[in-house]
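What follows is one structure encoded as C-alpha cells, with my remarks underneath.
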Amino acid sequence: MPISNPESSAHAGRGRLRRWSHATCLTVAVGLAPMATPVLASEAQLDIFGFTLRITDADGAITHVLEGERMQQFDDIGEQHAEKPRLELLTDGHIDWIWTAPAAIHYPAAQRLELIGATEGLRLPSPLHPQTEIETADVTVLTESREILTDARATMVRPGLFVTGIGMYADVDADIIELQSDVNTVYAPADSEGTPP
C-alpha cells in the first residue's frame, strides 16, 4: 500500500452523506435487555448484548461486519452506540481490515462509524500486501466509500517499516494510506517486524 504524507489534501468523499442503498441484517448472539436508561436525552429503542451487524451491498454481498459487546439503538436521533466494537471490512468475501476501539457511534443513514478512544487497525496479510498495524485514536470510517480518517497521531507498523505522524487518511479500495503531518519513518531489516531501533 503506497504511503504519502502531504501537508494538505482534499478528499471529495470526506464528510459527504451518501444515499443508503444497503440492506442491514442484525444477528443477536445473546439476547435482548430491558430498555436502556436515557442517553443524550433519548430513550434506546433497542438494547442488545453480544451483537453482530452485517451490511450488504445491492447484490447481497457482505461489505462489512460490526460486532461488539453491546449496542443501543436510538431511532429518534439515527444513532447506534456500541461498546467494544470490532469492524471487519471485507473485499470479495474475505476480511481485509479489522478495526477495534473501546466504543463507537454508528450512523447507519450516513454510512459512517465513529470509533472512539484508542483505536487499532489491522490489515491482514495477503499475497499482494504485507500485514499492516495501525494505532491511533478517534477514527471515522466511511463505510460505503471505505475511507478511514483521523486527526490524531497515528503509528503504522509493517515488516521492516515504522511510520508515525499526525492525522491519517486511508482509502481501502485505492490501496492508499497517507499520514498528514509531522511524519517520521524508520526502516529496519525485514526480520525486525517493523520494530523501531
When residues of segment 137-151 are limited to those that are under 16 Å from GLU88 (Cβ atoms) and not charged (D, E, K, R), the one nearest to the chain's Cα centre (by Cα)
VAL141
Residues located in segment 174-191, provided they are of a type in the set (A, V, I, L, M, F, W, C) and buried (at least 18 other Cβ atoms within 10 Å of the Cβ)
ILE177, LEU179, VAL183
If we keep just the residues of segment 79-99 that are in contact with a strand residue (DSSP E or B) (Cβ under 6 Å, 6 or more places away or on another chain) and open to solvent by 50 Å² or more (accessible area, probe 1.4 Å), which is nearest to LEU53 (Cα to Cα)?
ARG86
Of all the residues that make up segment 47-66, how many are open to solvent by 30 Å² or more (accessible area, probe 1.4 Å), at pLDDT 90 or above and farther than 19 Å from VAL172 by Cβ?
1
In segment 100-128, the residues that are open to solvent by less than 50 Å² (accessible area, probe 1.4 Å) and either touching a residue at least 60 places away in the same chain (Cβ under 8 Å) or closer than 16 Å to ASP57 by Cβ (or both)
PRO108, ALA110, GLN111, ARG123
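What are the residues in segment 133-173 that are more than 26 Å from ILE105 (Cβ to Cβ) and either at pLDDT 95 or above or open to solvent by 30 Å² or more (accessible area, probe 1.4 Å) (or both), if any?
Matches in segment 133-173: VAL157, PRO159, PHE162, VAL163, THR164.
The values are calculated or read from the model by the stated rules, or taken from the named source; none is laboratory data. On a predicted model such as this, the values are computed, not experimentally measured, just so you know. For neighbour counting, all protein chains shown are included, and Cβ atoms are generated from backbone atoms with ideal geometry for every residue, glycine included. Only protein heavy atoms, including side chains, enter the accessible area calculation; ligands, DNA and RNA are left aside. Shrake-Rupley method; radii C 1.70, N 1.55, O 1.52, S 1.80 Å.
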